[in-house]
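> Mind having a look at this structure? Questions to follow.
The values are calculated or read from the model by the stated rules, or taken from the named source; none is laboratory data. What you are looking at is a predicted structure, and each value in this text was computed from that prediction instead of being measured. All Cβ positions, even for glycine, are placed from backbone atoms using ideal geometry, and neighbour counts span all protein chains on display.
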Amino acid sequence: MKIKNKISGILAMTALVVLISSCEKDIKIDIPKTTDKVVIEGSIDLNNYSIVSVTHNLPYFGTFDSSMIVNLFIQNAVVIVSDGASFDTLKKTYNLNSYPYIFYKGTKIKGESGKTYSLTVNAEGKTFTALTTIPPNVAIDSLWFKLEPNQDSLGYVWAKFTDTTPTGNYYRVFTKRQTKDKAFAPMLFSSVYSDVFFNGETFTFTIERGETFYDPSVNDPTLGYFKLGDTILIKACTIDRISYNFWRSAEANMYSGGDPFMNPAQVATNIEGGGLGGWSGYGSEYYTVIAK
Amino acid sequence: MTNLSIYTMLRRTLILISSFFFFTICLRAQLPKYTISGYVKDAASGEILIGANVYVKETMNGAQTNQYGYYSLTVEKGTYTFVVSYMGFNEHADTIVLNQNKKINVAMTEKVITKREVVINGVKENNNTTSTDMGKVAMDIEKIKTLPAFMGEVDVMKTIQLTPGVQNAGEGNSSFYVRGGGPDQNLILLDDAIVYNASHLFGFFSVFNSDAVKNIELTKAGMPANYGGRLASVLDISMKEGNNQKMQVDGGVGVISSRLTVQGPIKKDTSSFIISARRTYIDLFIKPFVKKSSNFYGTSYYFYDLNGKVNYRLSDKDHVFLSGYFGRDIFSMNSRDLDFKNSISWGNATGSFRWNHVFGPKLFLNTSLNYSNYKFDFDAQQSEYDIHLFSGITDYTAKSDFTLFPNQKHLIKFGATYTYHTFMPNNASAKTSGVSLDLGSVVKLYSHDAAAYINDDFDLSKKIKISGGLRYTFFEPVGPFDRYIENATGQIIDTIHYSKLQKITMYNHVEPRLSVRYELNKLSSLKASYTQNYQYVHLASVTAVSLPTDIWFPSTEIVKPQFGTQYALGYFRNFRSNMFESSVEVYYKDMENQIEFKEGKNPEDNIKNNTDNNFTFGKGWSYGSEFYLNKRTGKWTGWVGYTLSYTKEKFPEINMGKWFWAKYDRRHDVSVVVSYELNEKWTFSAIWVYATGNAMTLEIGQYVLEGNIVGDYGPKNTFRMPAYHRMDLSATYTGKKHKKYSSSWNFSLYNVYSRANPYYIYFETTGNITDYNITTQAKQVSLFPILPSATWNFKF
């Protein structure tokens, strides 16, 4: 319900568009120094090993260059995933092509449908824990690419989908252009859905292209679009309610940037022990669509 | 406060009222007494005059005309000089021999030369020190018209906000705050009908067309018992009745809007009408400049207002009025690039039928039937999506207010009111590619709301005057209604269904009110007041600014009524034969059952759920002092107001249960208003306002999730926006008065030194983590730099 979230913003634009003059300027503000916190971002996909990154929060506002960014990663953490029966101690792995550059990856436990997984992280002298579930995966009925009206070569992926009853299903969608993107990126602005809007119904919806890093200062006319010729990979997942709340609040936060027309969205973390971030299980299904 | 102490206080108040009442009635039986009563009006237009002073010179016994221009004065048999006075009008004096009850209707003539020597308080010279009223502000429309006007639109609400204790929330905020109270805690009445959203375009303009308004009165402390239902204040606005002597046309042409008012007699002296209309036309100006090929072709905004009123004097005893208001803000937006179409409209509609009846010289009755509606509509289409959102509130009210003038020492008001509310909080429907999404059925909440009151304003002794009252209030939400029961994780596990008119819950309370004035001497007095209020309607806002999307919500079995207690103390003193009036007031206020959305919750989370399941409840308290100095007469007039205040809130589920500053907490608030009347033609005015910045919640840290920057918010409302300050100037030129017509010009300069006041502050992150380079910058958005405007007003 992306449109709905924008209402207040649009109202604000009324004021800005209609009234001749408004101005924006950079300001300097004094913000009390934040405390150091550990950020944990982990996921376990169906039939895949878990991946967890452990980082510091950014200590101040300003410009970060490559060395500072690399220093965000906590490299001596102990990360353990368990399905209740066995334990998997994750191994540190590097991938300097896409974020996260340094992460911990499992070697024993692969995600299974319907199972619950616990995460334990020891970092900076503290212990953090979290729980997540991989809900049964649901397939999309069909997918196709369609050009947008008024566009020569740009369009969205369309999907026909049937939700299962009863209510309480949650979904997350990622996209990746096979040659252009280094990794799957969550659908732009709002990648999670609750079936409260469409419980048990069959309907079509658009899939907008995800952006690994959304930069509002860049005016990209192709933002959200796929282009004729793209080979598009879609990853559609079922998630549990806790993951839904986490990602929904995290996305509201990422794209609001302190927007006064939104309720300041503190992210609903599921990490216990004073950490930030989240631990999510994905009941994932993969599809390929050619934009033609 | 415990129930016990409430009832103790209640009993004491009751005893106090009744004992004094009988005491003063019984103990004086000397010469026979007679009553003089009637209406006071403006001879030129036939408009009644509110708050005119009526007295007999020999004993200085006096009264004031009520809201309907009626007075009643009881004195001993004798021969008197009967005087009626009203600011800006020639004093009426007459010798009368009083040996029976007399009905005297007085038509006052306007002072011609000193017409604009009129002061903001269009009331008796020393009324501020002699009445029991505290924290009361009355405004004179003619005076307001000479003050600087934003974009040339004269605004009564803006002027009210220049008085101490009343705060503007800043540009782009549609409401005002009184003594730490929220925007929903102000009762705004237009001819007895409630106005739920009193602003156009996010508060840049109020819904009250100054040409159609006759009288404005704001009460922010010591609320008498005839008002209720809100914790903070009452803004009571009366519409003009219409000239019953001759046809009259007034109007104004400004840079962004125009106004036209037509009024005149239907039957001279008996019946008249007034119709007033206003519309902005910035959209019409902009349209020709937006090319058809433009991405934003089809984007426009305008608002309009219509006010109408007719009245008919059936006899000397009966007078009926029918009045109405209708206004809308209409915004439409197109963005071809985004394939996005959108229209938004919101506004109020009110209607009142009133009947004034005089039972005898001592008893006056106003009965009214009122209708009030506020509506917000939002429509948007983007590619295959089509969404419609709507919310609103509709009230039907019947009420009777009696005014009893038993003798010179008492002024008793009593009455009852009943309202049937229908609330529609945040409903939505949506379609994608023609298939409807299931957003639940339209939610409506119904409730009965009733009250009865009695208030006595009486002289206990020469020095002590007391206004004491009791108000009984009753509120009952009824079905049809579905209550969704959530479990601890917020999942719905059960539904309770209530059938039509089935009682869901019920609240009833007694609210004591007390104000006392102690006259120190002719020029100064001390006043104290104690007020209790219950409020059964709530405005839920998620945002840092108030918007038309904020939703009105009734008390339910989950949302307990707001409860407020206010203690106020004031010292009032006039100088230089009432040329200057000054006051110092201090107050303490306690507010229970305040509502907020839970952290991270938004109004749209009510789909297939109850909106109030997303609320969280807490308390607020506010204290402060207000200083006021007003020069009322002379070539130089104006005032200085300063407020020092502290407003805090505490919610168990917000900010980890720790108290925080309310977003409208204002440490310092200064208003300076100066007018200089150079000659009959030119008047110059200046306004300067200063206010501590709003409290807001800001990110204090950031972290990275999936390569994007996420903000880590700090404790609630610990950051302060930079202070707001601004100066406006105006010059008003009044043309020569012709026999048939007159006209004037108002030139205004808004934000003279072009201060970039913060509208909001946000962080923008640029760069790309995959390029190992990100930057976060704080940005401030401001709305208006210096803005000149000119308005031409005419009358014929």
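> So which residues in the stretch A:177-206 are within 19 Å of residue B:607 (Cα to Cα) and either touching a Phe, Trp or Tyr at 6+ places or on another chain (Cβ under 6 Å) or away from every other protein chain (no Cβ under 11 Å) (or both)?
A:190, A:192, A:193, A:194
> Can you name the residue in the stretch B:255-290 that is hydroxyl-bearing (Ser, Thr, Tyr) and closer than 18 Å to residue B:153 by Cα and is also modelled with the lowest pLDDT among such residues?
Once the filter is applied, the top-ranked residue is B:281.
> Oh, and also: Please work out which residue is farthest from residue A:238 (Cα to Cα), limiting yourself to the stretch A:33-50 and to residues that are surrounded by fewer than 19 Cβ atoms within 10 Å (Cβ to Cβ) and touching a Pro at 6+ places or on another chain (Cβ under 8 Å).
Of everything passing the filter in the stretch A:33-50, A:33 is farthest from residue A:238 (Cα to Cα).
> If you go through the stretch B:717-740 one residue at a time, how many are of a type in the set (D, E, K, R) and either within 14 Å of another protein chain (Cβ to nearest Cβ) or surrounded by 22 or more Cβ atoms within 10 Å (Cβ to Cβ) (or both)?
Final tally of qualifying residues: 2.
> Here is a further query. In the stretch A:116-128, is there at least one residue being at pLDDT below 90 and over 24 Å from residue B:706 (Cβ atoms)?
The answer is no, given that none of the residues of the stretch A:116-128 is at pLDDT below 90 and over 24 Å from residue B:706 (Cβ atoms).
> Among the residues of the stretch B:564-596, count how many are at pLDDT 90 or above and acidic (Asp, Glu).
3
> Select from the stretch A:167-194 the residues that are β-branched (Val, Ile, Thr) and in a loop (DSSP other than H, G, I, E, B) and list them in ascending order.
A:167, A:179
> Does residue B:595 satisfy the criteria of being within 14 Å of chain A (Cβ to nearest Cβ), under 25 Å from the mean Cα position of the chain (by Cα) and assigned to a strand (DSSP E or B)?
yes
> In the stretch B:219-243, what residues are in contact with a Gly (Cβ under 8 Å, 6 or more places away or on another chain) and not in a loop (DSSP other than H, G, I, E, B)?
B:219, B:233
> OK, next. Out of the residues in the stretch B:687-716 meeting the condition of being facing chain A (nearest Cβ under 10 Å) and in a loop (DSSP other than H, G, I, E, B), tell me which one is surrounded by the fewest Cβ atoms within 10 Å (Cβ to Cβ).
In this case the residue turns out to be B:715.
> Being closer than 29 Å to residue B:529 by Cα, of a type outside the set (A, V, I, L, M) and at pLDDT 85 or above is true for just one of B:181, B:135, B:122. Which residue is that?
B:181
> Out of all the residues in the stretch B:86-94, is one or more touching a helix residue (DSSP H, G or I) at 6+ places or on another chain (Cβ under 8 Å) and at pLDDT below 80?
For the stretch B:86-94, residues touching a helix residue (DSSP H, G or I) at 6+ places or on another chain (Cβ under 8 Å) and at pLDDT below 80: present.
> Which residue pairs have Cβ atoms closer than 8 Å, lie 6 or more positions apart in sequence or on different chains, and pair a first residue in the stretch A:205-222 that is over 13 Å from residue A:155 (Cα atoms) and of a type in the set (S, T, N, Q) with a second residue that is at pLDDT 75 or above and in a loop (DSSP other than H, G, I, E, B)?
Listed by first residue and then by second, the contacts come to A:212/A:98; A:212/A:99; A:212/A:181; A:212/A:182; A:212/A:183; A:212/B:706; A:212/B:707.
> Could you tell me whether the stretch A:153-160 includes any residue that is within 12 Å of chain B (Cβ to nearest Cβ) and either closer than 19 Å to residue A:244 by Cα or in a loop (DSSP other than H, G, I, E, B) (or both)?
No: the stretch A:153-160 contains no residue that is within 12 Å of chain B (Cβ to nearest Cβ) and either closer than 19 Å to residue A:244 by Cα or in a loop (DSSP other than H, G, I, E, B) (or both).
> Looking at (1) over 21 Å from residue A:45 (Cα atoms); (2) touching a Phe, Trp or Tyr at 6+ places or on another chain (Cβ under 7 Å); (3) within 12 Å of chain B (Cβ to nearest Cβ); (4) crowded, with 21+ Cβ neighbours inside 10 Å, which is the only condition residue A:174 fails?
Going through the list (1) over 21 Å from residue A:45 (Cα atoms); (2) touching a Phe, Trp or Tyr at 6+ places or on another chain (Cβ under 7 Å); (3) within 12 Å of chain B (Cβ to nearest Cβ); (4) crowded, with 21+ Cβ neighbours inside 10 Å, residue A:174 breaks only (1).
> Sticking with this structure for a sec: Name, by its number, the condition in (1) within 14 Å of chain A (Cβ to nearest Cβ); (2) surrounded by 19 or more Cβ atoms within 10 Å (Cβ to Cβ) that does not hold for residue B:341.
Failing condition for residue B:341: (2).
> Hey, another quick one. Kindly provide the set of residues from the stretch A:79-121 that are closer than 30 Å to residue A:66 by Cβ and exposed (fewer than 15 other Cβ atoms within 10 Å of the Cβ), ordered by number.
The answer is A:89, A:91, A:92, A:93, A:94, A:95, A:96, A:97, A:107.
> Let me ask something else. Free of Cβ contacts under 8 Å to residues at least 60 places away in the same chain, touching a strand residue (DSSP E or B) at 6+ places or on another chain (Cβ under 7 Å) and closer than 24 Å to residue A:193 by Cα, is that true of residue A:92?
Considered against the rule, which asks whether it is free of Cβ contacts under 8 Å to residues at least 60 places away in the same chain, touching a strand residue (DSSP E or B) at 6+ places or on another chain (Cβ under 7 Å) and closer than 24 Å to residue A:193 by Cα, residue A:92 comes out as no.
The rows are residues; the columns are (1) more than 30 Å from the chain's Cα centre (by Cα); (2) facing chain A (nearest Cβ under 9 Å); (3) without any contact (Cβ under 8 Å) to a residue 60 or more places away in the chain.
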residue	(1), (2), (3)
B:742	yes, no, yes
B:747	no, no, yes
B:753	no, no, yes
B:757	no, no, no
B:761	no, yes, no
B:778	yes, yes, yes
B:789	no, no, no
B:795	no, no, no
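> Follow-up question, since we're still on this one. Quick one: count up the residues across the stretch B:617-657 that are touching a His at 6+ places or on another chain (Cβ under 9 Å) and either acidic (Asp, Glu) or within 21 Å of residue B:184 (Cβ to Cβ) (or both).
Qualifying residue count for the region: 2.
> Which of the residues belonging to the stretch B:466-495 are more than 30 Å from residue B:224 (Cα to Cα), of a type outside the set (A, V, I, L, M) and assigned to a strand (DSSP E or B)?
B:481, B:482, B:483, B:484, B:486, B:494, B:495
> Any chance the stretch B:461-469 includes a residue that's away from chain A (no Cβ under 14 Å) and modelled with pLDDT of 95 or more?
No, the stretch B:461-469 contains no residue that is away from chain A (no Cβ under 14 Å) and modelled with pLDDT of 95 or more.
> While we're looking at this one, here's another question. Filter the stretch B:291-316 down to residues that are basic (Lys, Arg) and at pLDDT 80 or above, then give me how many there are.
2
> While we're here: What pairs come out if I take residues in the stretch A:97-110 that are away from chain B (no Cβ under 14 Å) and pair them with residues that are part of a strand (DSSP E or B) and of a type in the set (D, E, K, R) whose C-beta lies under 7 Å away, six or more apart or interchain?
If the second residue must be part of a strand (DSSP E or B) and of a type in the set (D, E, K, R), the pairs left are A:104/A:91; A:104/A:92; A:105/A:91; A:106/A:88; A:107/A:88; A:107/A:91; A:108/A:88; A:109/A:88.
> Which condition from (1) more than 25 Å from residue B:681 (Cα to Cα); (2) surrounded by 18 or more Cβ atoms within 10 Å (Cβ to Cβ); (3) away from every other protein chain (no Cβ under 14 Å) is the one that residue B:783 breaks?
Failed condition: (3).
> Go through (1) more than 14 Å from chain B (Cβ to nearest Cβ); (2) over 19 Å from residue B:706 (Cα atoms) for residue A:49 and report which single condition fails.
Result: residue A:49 fails condition (2) only.
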